[in-house]
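Asker: Input: one structure, supplied below.
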Amino acid sequence: MAILVTGGAGFIGSHTCVSLLETGHEVVCVDNLSNSSRTALDRVQAITGKTVKFYECDILDKPMLSKVMRENAIDAVIHFAGLKAVGESVALPLKYYHNNITGTLCLLEVMGEFGVKKIVFSSSATVYGKAETVPLTEDMPTSAYSPYGQTKLMIEQILKDLYVSDNEWSVSLLRYFNPIGAHQSGLIGEDPRDIPNNLMPYITKVAAGKLAQLSVFGSDYPTPDGTCIRDYIHVADLAEGHLKALDKVRRERGVFIHNLGTGTGYSVLDVIKAFETANDIKINYRLADRRPGDVTICYADPAKAKKELDWEAKRDIVQMCRDAWNWQKNNPDGYGD
Ligand code: NAD
Ligand code: UD1
């Protein structure tokens, strides 16, 4: 039996493919390569010495998804495929709703037709909206401030409703905090197509001299150093969380919601300092205005994942910074395409 990974050529998907292959799973990957490169999967194969069966396939393409299901004995699906740029989702909401929601509906319909009813879904800490207290626990109220966030909330609801309609489904909703870092080999990592929106890829591009200066968005927040606090998590830890979630949906039926975070918050200035210390490189930065939409403090209570999935993050911020830089240094132009 194989695991179908949608969006498996992407940042988190490629690292999860490595973890799956290393633990003896067969992997079938579908990706339309809209935000990734085929090379990532070649590298996954180089790291593991194992094969990923790849289909260049859009999850909106139901006939193609059916073909994938027919040609492979799929046991469960890990569903990463989606668009993820918050700002772009505000400018192009229909693109996001169509790709993420309609795409997921197509996938679920085909899964249902083939009797594949186990799914692990990439949700996000963004579903906690502007929560008033931290750490964030899974039972806290949810809300969304962007079309991107809405798609995560809606898909969570669709999957909950699906389970209510048919108790044979088994659903894991994983709410990721801020994934950074890269595989320790330096062969796979995050490869943003344009100027990065997120902090760590921006820092690594400044370190590499590809961008002149990092703007620290806001230094007057009510935090110890005035900058926002986030729960950064190594992408390899996140990948391992998926294996545990997969075990859960293969064993039990139901809807399971888990935070995947470390439980520790770091400010933007903390991250810059950690990067400088870990890699012995100075980062040119300036304090700038706040970025609209940012929440002040966001970090997980990871206790539920520890208790129910037997998972916790193991890699610290220094390793995250070292691995992110190792990837950037070895691949100045990402995957080069
Ligand atoms: P990514 O863009 O690197 O990976 C997503 C992959 O999905 C890409 O390879 C892309 O080509 C593919 N894809 C998009 N639409 C598709 C479609 N219609 N059909 C087939 N393939 C399609 O992003 P990532 O950082 O690896 O994120 C993976 C998932 O995790 C996404 O759903 C994202 O929203 C979610 N997530 C990411 C973060 C983060 O900070 N990276 C945080 C929370 C949640
Ligand atoms: C962002 C998204 C969130 C998504 C997450 C992962 C927004 C408002 N939120 O989260 O929905 O789930 O990415 O993809 O876009 N920062 C700088 N300078 C920079 C870039 C970032 O100071 O050039 C700061 C930000 O203000 C923030 C922190 O670094 O305080 C982390 O930012 P980022 O990496 O973009 O992640 P989030 O904003 O947490």
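The values are calculated or read from the model by the stated rules, or taken from the named source; none is laboratory data. Everything quoted here is computed from the prediction, not taken from an experiment. Cβ: placed from backbone, ideal geometry, glycine included. Neighbour counts: every protein chain shown. We work out accessible area using only protein heavy atoms, side chains counted, and drop any ligands, DNA or RNA first. Shrake-Rupley method; radii C 1.70, N 1.55, O 1.52, S 1.80 Å.
Asker: Give me the 1.4 Å probe accessible area per residue for the chain, excluding ligands and nucleic acids, in Å².
Answerer: For the chain, the solvent-accessible area averages 43 Å² per residue.
Asker: Would you mind checking the tilt of helix 11-22 against the longest principal axis of the Cα atoms of the chain, expressed as 0 to 90 degrees and rounded to 10?
Answerer: The answer is roughly 60 degrees.
Asker: Mean residue ellipticity at 222 nm from the helices of the chain, using -39,500 (n - 2.57) per DSSP H segment of n ≥ 4 over the full residue count, to the nearest 500 deg cm²/dmol?
Answerer: One gets -12000 deg cm²/dmol as the mean residue ellipticity at 222 nm.
Asker: Leaving out ligands, DNA and RNA but keeping every protein chain, what accessible area does LEU60 have, in Å² rounded to the nearest 10, with a 1.4 Å probe?
Answerer: So the heavy atoms of LEU60 present about 50 Å² to solvent.
Asker: Find the all-direction average of the projected area of the Cα convex hull for the chain, expressing the result in square nanometres with one decimal place.
Answerer: 15.6 nm²
Asker: In addition: Treating only the Cβ atoms of Lys and Arg (+1) and Asp and Glu (-1) as charged, compute the dipole magnitude of the chain about its Cα centre; round to the nearest 20 debye.
Answerer: With Lys and Arg at +1 and Asp and Glu at -1, about 200 debye.
Asker: If you don't mind, there's one more thing I want to ask. Sort 128-135, 141-148 for me by packing, meaning the mean count of neighbouring Cβ atoms within 10 Å per residue, highest on top.
Answerer: So the peptides 128-135, 141-148, ranked by packing, come out 141-148, 128-135.
Asker: Can you send over the solvent-accessible area of GLU312, 1.4 Å probe, protein chains only, in Å² to the nearest 10?
Answerer: 100 Å²
Asker: Within segment 138-280, what percent of beta bridges assigned by DSSP are antiparallel, to the nearest 5?
Answerer: 15 percent
Asker: Same structure again: Taking H placed 1.01 Å from N in the peptide plane, check which residues at least 5 places from LEU214 or on another chain put their amide H under 5 Å from its amide H.
Answerer: Amide H neighbours of LEU214: ASN284, TYR285, ARG286.
Asker: Arrange the residues GLU138, GLU22 by how much accessible surface each exposes, largest first, with a 1.4 angstrom probe.
Answerer: GLU22, GLU138
Asker: Quick one: of the DSSP bridges fully inside the chain, what percent are antiparallel, nearest 5?
Answerer: The antiparallel proportion sits near 5 percent.
Asker: Rounding to the nearest 20 debye, state how big the charge dipole of segment 103-241 is about its Cα centre with +1 on each Lys and Arg Cβ and -1 on each Asp and Glu Cβ.
Answerer: Around 360 debye, computed over segment 103-241.
Asker: Could you please state how large a percent of the accessible area of the chain is carbon and sulfur, counting protein chains only and using a 1.4 Å probe?
Answerer: 50 percent
Asker: Near the amide H of ILE257, under 5 Å away, which other amide H atoms are found, from residues 5 or more places off or on another chain, if H is placed in the peptide plane?
Answerer: Those qualifying (amide H under 5 Å, at least 5 residues apart or on another chain) are LEU173.
Asker: Same structure again: Could you derive backbone 3J(HN,Hα) for segment 41-48 from the dihedral phi with the Karplus parameters 6.51, -1.76 and 1.60 (θ = phi - 60°), listing whole Hz in sequence and x where the residue is Gly or Pro?
Answerer: Here the 3J(HN,Hα) series is 6, 4, 5, 4, 5, 5, 5, 9 Hz.
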